[in-house]
2 protein chains.
Amino acid sequence: MGKPTLLYFSEEAHQAIELAALCNASAQLIERHVFPDGELKLQLPSQLPERVAIFHSLHHPNQKLIELLLAAPTARKMGARQLTLIAPYLAYMRQDMAFFPGEAVSQQIIGKLLASLFDALITVDPHLHRVSSLSQAVPVKNALVLSAATLMGDFAAKQRANPILMGPDEESLQWVVQAAARHHLDYAVAKKVRTGDREVEVTLPSMSVQGRPVILLDDIASSGHTLARTTELLLQAGAQTVDVIVTHALFMGSALELVKRAGVSEVWSTDCIDHPSNAISMLPAMAGAWNSLTEEL
Amino acid sequence: MGKPTLLYFSEEAHQAIELAALCNASAQLIERHVFPDGELKLQLPSQLPERVAIFHSLHHPNQKLIELLLAAPTARKMGARQLTLIAPYLAYMRQDMAFFPGEAVSQQIIGKLLASLFDALITVDPHLHRVSSLSQAVPVKNALVLSAATLMGDFAAKQRANPILMGPDEESLQWVVQAAARHHLDYAVAKKVRTGDREVEVTLPSMSVQGRPVILLDDIASSGHTLARTTELLLQAGAQTVDVIVTHALFMGSALELVKRAGVSEVWSTDCIDHPSNAISMLPAMAGAWNSLTEEL
């Protein structure tokens with residue numbers, strides 16, 4: 001059988017090496033050369049064991065998808081038989097239907113591509129809307145979805161006394177419930193109407209926040225507009241403090257400053273996307289998921 | 001049957017609209033939205049005829065390949081039956097084997113991707129080395145390769161009196177011969193040893209260039225180092241003038257300045273890649289190629 005190998009790209013060395021250690025796997029770099037015209041050249045190890053995973057968190061996904069397209073068949077050629085993608089952040093999961101005829105349904109297309117390359121996929125809180133399971137979106141043999149919700153609840157309960165956990169919209173309810181459960185925390189969700197990439201209207205829930213610490217939970221922090229607007233409303237409504245915990249800390253451009261300026265005390269995130277706010281590690285959960293797969297072989 | 005449709009992205013509107021006019025096709029924009037996190041959303045026309053082509057020149061290819069991956073199945077869903085890729089510049093054609101075990105053979109992988117998306121491919125002077133035909137690299141039903149060589153020869157003969165056409169390396173010989181043929185121009189090829197992405201050693205051929213105008217022909221101008229170095233040597237050897245004609249004017253970063261500083265008088269290119277040096281249009285040839293395909297349906 002041999003030790004499994006976790007392949008990674010240089011910018012994710014830190015997480016990948018730690019994850020490999022947790023799995024008793026060997027971590028090996030995929031060397032990447034970018035030619036002056038933007039073409040990629042990848043060099044994988046020349047010998048691989050049967051059980052191989054590629055670690056790649058897919059924010060800013062386009063070049064990374066080409067990297068996976070090039071790496072996956074090469075890994076198989078070098079010996080991989082069970083090939084897993086560990087993508088803590090999975091891209092292109094939002095567009096799951098054509099809202100107007102002629103729109104590319106990117107979830108289905110990218111999902112099919114990934115399923116053609118990998119036998120298994122491990123990811124954390126993918127942003128699925130109208131599909132209920134990841135394997136509908138990415139039809140791989142094994143699709144393992146981890147949730148950061150429980151760990152975020154644990155973390156929240158340690159940071160503030162008797163906080164209210166608040167989700168940004170009704171879709172987040174199930175997830176906020178899960179985060180609140182273990183420590184019996186109060187929770188609620190706001191209402192969000194998106195009027196553009198960077199414009200949102202937020203309505204707070206009816207629950208009183210007067211004098212209470214509120215912790216906003218979100219799966220993705222991107223432009224930061226939703227978090228900033230919700231924070232302003234919560235502080236106006238008398239919240240003692242507002243903190244933020246997100247699974248995927250994209251924080252594009254000046255998003256983090258925007259959130260801080262709105263009055264947020266602390267911003268914490270999981271390490272699904274490498275970011276200074278990382279405070280909660282999903283690596284042990286990912287290690288467990290990969291171990292459960294490799295035992296199947 | 002209905003008029004065929006040529007789909008294009010905004011940055012290539014000019015060429016696509018002209019090409020469509022030459023084919024009596026309708027040119028229609030693929031609307032592209034880039035989300036803050038780099039994900040793409042594409043909107044195609046909601047109804048398409050049977051014969052559809054997508055125009056996309058694939059320099060800086062990674063995002064563009066994802067665009068094609070999203071657009072092609074959507075075009076089929078909207079009615080396309082014969083789907084052609086018109087890529088005047090085709091990417092990833094250079095790595096056709098693994099020089100070291102574990103290298104991704106990108107030509108084969110990208111070729112297979114494109115063949116899974118399109119029925120036909122029209123391109124100009126792809127940079128193939130060890131494979132003799134494009135359909136080995138991109139196994140589509142119809143792979144049509146156009147060459148700019150003859151048009152470059154015509155253009156050269158008009159610009160300078162009795163010029164010498166010179167190719168950068170021995171691989172270019174067949175192509176330089178073709179450019180020289182119609183006007184019985186003198187020709188020769190240099191020798192090139194590449195020692196890095198941006199470093200080359202050049203040896204001039206034995207033919208005297210004393211007092212003669214020399215026109216360097218190349219398929220791709222990327223860093224400009226080969227052209228610059230060859231120009232210096234030619235001027236030292238007494239060439240009257242040195243001009244450059246290239247098929248694919250990539251000219252990365254300061255490449256064009258580098259070439260000019262080396263003493264090149266004029267830089268001309270075909271319109272395969274949109275560039276200020278464009279002087280020779282490949283659009284009529286591409287129109288002819290697409291017409292020949294659509295007649296087959």
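The residue list B:LEU217, B:LEU204, B:LEU258 contains one member that is in contact (Cβ under 8 Å) with a residue 12 or more places away in the chain, within 14 Å of chain A (Cβ to nearest Cβ) and not charged (D, E, K, R), which is B:LEU258. For region A:8-17, the condition holds for at least one residue, the condition being that it is buried (at least 18 other Cβ atoms within 10 Å of the Cβ) and in a loop (DSSP other than H, G, I, E, B). Within region B:150-168, work out how many residues are under 15 Å from the mean Cα position of the chain (by Cα) and either in a loop (DSSP other than H, G, I, E, B) or touching a residue at least 40 places away in the same chain (Cβ under 8 Å) (or both). So the answer is 2.
Within region A:185-204, restricting attention to residues that are in a strand (DSSP E or B) and modelled with pLDDT of 90 or more, the residue that is surrounded by the most Cβ atoms within 10 Å (Cβ to Cβ) is A:TYR187. Taking the listed residues A:LEU117, A:LEU121, A:LEU134, A:LEU85, the one that is within 21 Å of B:LEU68 (Cβ to Cβ) and more than 8 Å from every other protein chain (Cβ to nearest Cβ) is A:LEU117, with no other qualifying. Scanning region A:1-13 for residues that are at pLDDT 95 or above and more than 14 Å from chain B (Cβ to nearest Cβ) yields A:PRO4, A:LEU6, A:TYR8, A:SER10, A:GLU11, A:GLU12, A:ALA13. Considering only residues in region B:138-155 that are out of contact with any helix residue (DSSP H, G or I) (no Cβ under 7 Å at 6 or more places or on another chain) and under 14 Å from B:LEU217 (Cα atoms), the one that is surrounded by the fewest Cβ atoms within 10 Å (Cβ to Cβ) turns out to be B:ASP154. Among residues of region A:77-107 being surrounded by 22 or more Cβ atoms within 10 Å (Cβ to Cβ) and not in a loop (DSSP other than H, G, I, E, B), the one that is farthest from the chain's Cα centre (by Cα) is A:LEU83.
Per this entry, A:THR226 is not counted among residues that are closer than 18 Å to A:HIS59 by Cα and of a type in the set (Ser, Thr, Tyr).
Each residue in region B:169-184 was checked for being within 21 Å of B:LEU146 (Cα to Cα) and either outside any helix (DSSP H, G or I) or not assigned by TED's automatic domain parsing to the domain that holds B:SER269 (or both), and 3 of them qualify. Considering each residue of region A:119-126 in turn, at least one proves to be modelled with pLDDT of 90 or more, more than 13 Å from A:LEU90 (Cβ to Cβ) and not in a strand (DSSP E or B).
As a summary of the residue check, A:LYS191 satisfies the conditions (1) touching a residue at least 40 places away in the same chain (Cβ under 8 Å); (2) charged (D, E, K, R); (3) touching a helix residue (DSSP H, G or I) at 6+ places or on another chain (Cβ under 7 Å) except for the one numbered (1). Does A:HIS14 satisfy being over 17 Å from B:GLN95 (Cα atoms) and touching a Leu at 6+ places or on another chain (Cβ under 7 Å)? Judged against the criteria, A:HIS14 is not a match. Would you check if B:ILE273 is of a type in the set (A, V, I, L, M) and closer than 22 Å to B:ALA181 by Cα? No, not satisfied. Listed by position, the strands (runs of 3 or more DSSP E) contained in region B:208-297 that have at least 3 residues being more than 15 Å from the chain's Cα centre (by Cα) are B:213-221, B:241-249.
The values are calculated or read from the model by the stated rules, or taken from the named source; none is laboratory data. Here the structure is a predicted model, which is why all the values come from computation and not from measurement. Cβ: placed from backbone, ideal geometry, glycine included. Neighbour counts: every protein chain shown.
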